[in-house]
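Before any comments, here is the structure.
The values are calculated or read from the model by the stated rules, or taken from the named source; none is laboratory data. Source: prediction; values computed, not measured. Note that each Cβ is placed from the backbone with ideal geometry, even for glycine, and that neighbours are counted across all protein chains shown.
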Amino acid sequence: MQEYYDSLETRDPGERERFLMGALPGHIAHAKRNAPGWARILGGTDAAAVMDRATLAKLPVTRKSDLIALQKTERPFGGLNAAPPAQIGRIFVSPGPIYDPGGSGKDWWRTARALFAAGFRRGDLVLNTFAYHFTPAGAMLEAGAAAIGCAVVPAGVGQTDMQVATVVDLRTNCYIGTPSFLKLIVDKADELGADIKCLKKAAVGAEYLPPALRSAMGERGIRVLQSYASADLGMIAYESEALEGMILEEQLILEIVRIGTGEPLAEGEVGEVVITSLNPDYPLIRFGTGDLSAVLPGTSPCGRTNVRIRGWMGRADQATKVKGMFVHPAQVAEVAKRHGEILKARLIVDNPGGNDRMVLRCELRSVPSGGLAEAIADSLRSVTKLRGEVAFVRPGELPNDGKVIEDAKKYG
């Protein structure tokens with residue numbers, strides 16, 4: 001019989017959508033009232049009017065890459081926190097540096113649901129190998145395991161000999177950490193001749209999980225499921241035993257947007273993951289993660305009814321240097337906006353003969369009129385201050401991979 005963490009996971013999708021949209025006006029009003037950063041970013045936004053996805057999509061996207069500048073202006077969280085740091089409890093430091101809040105409330109990062117889907121249950125003994133020093137990953141996952149009722153060994157990273165000895169001595173049956181470190185532990189156990197058959201369940205994240213590694217662990221009796229989380233948002237999505245995409249966490253509103261515009265894309269289109277989090281302490285609104293993904297059709301065979309995504313598909317930051325000047329996805333979007341005939345555009349940057357060249361490949365809504373290529377090229381030069389060529393392709397010919405700028409330069 002299928003088990004779920006709670007009844008929220010199997011709600012009717014319409015009921016879930018009504019809850020999320022119904023919570024938006026109050027949440028945005030709360031953010032504007034209590035977080036000076038959001039008061040500045042959202043300006044004259046009428047919070048009461050933001051009650052559907054179309055209205056939400058009109059709000060600005062605040063990207064993870066913006067946090068460093070925001071936080072330099074106002075320590076520690078750029079004014080995006082609606083609760084004071086002392087009430088939140090902990091301040092973590094991620095590379096950048098970016099300062100991340102860590103609340104002390106039960107499962108503040110909402111990681112328990114992902115661990116439950118990975119098979120973790122009350123009474124399990126968990127080896128948590130995510131870092132506990134400065135960055136929040138160790139604390140994030142420990143909170144979720146504790147919410148389920150697991151005991152946790154705060155192992156942190158490194159010291160594979162000691163990790164293996166701990167698994168053997170305590171008969172640890174669950175693992176949390178990166179997939180590559182799981183392999184190191186298993187390989188070290190083989191080297192030492194240690195029996196770690198007690199290890200049965202692994203919840204991994206923070207890096208790519210190769211199918212071959214998942215298969216190899218499965219042959220050893222270790223079921224490996226992965227999740228997608230970030231230091232600022234906490235848990236975003238997670239795998240279930242169905243292994244068909246990643247299921248969105250229940251307290252989040254997901255948008256997949258076109259790179260450089262913030263415009264929501266249709267189901268199946270690859271774009272940037274933008275999240276609105278209903279966390280009252282740290283209310284991130286239209287937060288651009290910088291990650292690429294796409295929404296999968298339908299619901300998971302496991303019975304969970306929330307939206308599914310394809311998982312992490314790369315980074316959205318595609319700024320590329322051409323003849324010493326950076327060209328950004330937003331500039332490509334501006335060129336497309338000036339010409340309604342353009343359905344989709346992709347800028348190819350290469351360097352034949354060692355000289356940088358730009359070619360804007362465009363899918364059009366109809367047969368091009370005379371002079372359109374020249375007009376688009378003029379716009380490209382006006383926006384980027386660089387000369388470029390224009391090429392027309394058939395609708396559907398450009399790859400659905402989220403790329404707006406493709407750096408095809410070759411060196412050596």
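Taking the listed residues L347, L284, the one that is within 19 Å of L67 (Cβ to Cβ) and aliphatic (A, V, I, L, M) is L284, with no other qualifying.
The residues of the range 177-205 that are within 22 Å of G138 (Cβ to Cβ), assigned to a loop (DSSP other than H, G, I, E, B) and among the small types (G, A, S) amount to a single one, G205.
Contact map, the range 12-25: first residue touching a residue at least 24 places away in the same chain (Cβ under 8 Å) and within 17 Å of R286 (Cβ to Cβ), second residue part of a helix (DSSP H, G or I) and not charged (D, E, K, R), Cβ cut-off under 6 Å, separation 6 or more or different chains; pairs are P25/A47; P25/A48. Residues in the range 362-385 include none that are in a strand (DSSP E or B), at pLDDT 95 or above, of a type in the set (A, V, I, L, M) and in contact with a Gly (Cβ under 7 Å, 6 or more places away or on another chain). Residue pairs whose Cβ atoms lie under 7 Å apart, separated by 6 or more positions or on different chains, with the first residue in the range 386-412 and under 10 Å from L360 (Cα atoms) and of a type in the set (F, W, Y) and the second surrounded by 13 or more Cβ atoms within 10 Å (Cβ to Cβ) and at pLDDT below 90, are F392/P368. Name the single residue that is nearest to the chain's Cα centre (by Cα) among those in the range 109-136 being farther than 19 Å from D281 by Cβ and of a type in the set (G, A, S). Restricting to residues being farther than 19 Å from D281 by Cβ and of a type in the set (G, A, S), the top hit is A114. Being within 23 Å of the chain's Cα centre (by Cα) and in the same structural domain as P283 (by TED's automatic domain parsing): is that true of A155 here? No: the conditions fail for A155. All conditions but one from (1) out of contact with any Lys or Arg (no Cβ under 8 Å at 6 or more places or on another chain); (2) assigned by TED's automatic domain parsing to the domain that holds G119; (3) surrounded by 14 or more Cβ atoms within 10 Å (Cβ to Cβ) apply to G103; the one that does not is (1). If you check L182 against the conditions, is it buried (at least 16 other Cβ atoms within 10 Å of the Cβ), farther than 20 Å from G144 by Cα and within 24 Å of the chain's Cα centre (by Cα)? Answer is no for this residue.
For the range 38-83, filtering for residues that are of a type in the set (K, R) and either in contact with a His (Cβ under 7 Å, 6 or more places away or on another chain) or buried (at least 18 other Cβ atoms within 10 Å of the Cβ) (or both) leaves 1.
So that you can scan it fast, the table gives a plain yes or no per residue for (1) at pLDDT 95 or above; (2) charged (D, E, K, R); (3) part of a helix (DSSP H, G or I):
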residue: L8; (1), (2), (3): yes, no, yes
residue: H27; (1), (2), (3): yes, no, yes
residue: H30; (1), (2), (3): yes, no, yes
residue: R40; (1), (2), (3): yes, yes, yes
residue: G44; (1), (2), (3): no, no, no
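When you check L284 against the structure, is it within 16 Å of the chain's Cα centre (by Cα) and either surrounded by fewer than 17 Cβ atoms within 10 Å (Cβ to Cβ) or not β-branched (V, I, T) (or both), yes or no? Answer is yes for this residue.
Could you please let me know if E389 is in contact with a strand residue (DSSP E or B) (Cβ under 8 Å, 6 or more places away or on another chain) and of a type in the set (D, E)? The answer is yes for E389.
Yes/no per residue for (1) assigned by TED's automatic domain parsing to the domain that holds Y99; (2) without any contact (Cβ under 8 Å) to a residue 60 or more places away in the chain; (3) closer than 28 Å to I185 by Cβ:
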{"position": "Y208", "(1), (2), (3)": "yes, no, yes"}
{"position": "A216", "(1), (2), (3)": "yes, yes, yes"}
{"position": "S227", "(1), (2), (3)": "yes, no, yes"}
{"position": "M235", "(1), (2), (3)": "yes, no, yes"}
{"position": "I247", "(1), (2), (3)": "yes, no, yes"}
{"position": "E255", "(1), (2), (3)": "yes, no, no"}
{"position": "R258", "(1), (2), (3)": "yes, no, no"}
{"position": "P264", "(1), (2), (3)": "yes, no, no"}
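Would you be able to tell me the number of residues in the range 125-152 that are part of a strand (DSSP E or B) and either under 19 Å from E207 (Cα atoms) or not assigned by TED's automatic domain parsing to the domain that holds A114 (or both)? Here the count works out to 2.
Could you please let me know if L20 is in a helix (DSSP H, G or I) and touching a Gly at 6+ places or on another chain (Cβ under 9 Å)? No: the conditions fail for L20. Counting the residues of the range 54-99 that are in a strand (DSSP E or B), free of Cβ contacts under 8 Å to residues at least 24 places away in the same chain and hydrophobic (A, V, I, L, M, F, W, C) gives 1. Going by the conditions given, is R361 surrounded by 15 or more Cβ atoms within 10 Å (Cβ to Cβ) and not assigned by TED's automatic domain parsing to the domain that holds E249? Yes: the conditions hold for R361. The strands (runs of 3 or more DSSP E) falling completely within the range 229-347 that include 3 or more residues that are of a type in the set (V, I, T) and either over 25 Å from W108 (Cα atoms) or modelled with pLDDT of 90 or more (or both) map to 252-257, 271-277. Taking K385, is it basic (K, R), over 27 Å from Y208 (Cα atoms) and surrounded by fewer than 17 Cβ atoms within 10 Å (Cβ to Cβ)? In short, yes. Entry remark, the range 84-95: residues being surrounded by 14 or more Cβ atoms within 10 Å (Cβ to Cβ), over 17 Å from S277 (Cα atoms) and over 22 Å from the mean Cα position of the chain (by Cα) number 2 in total.
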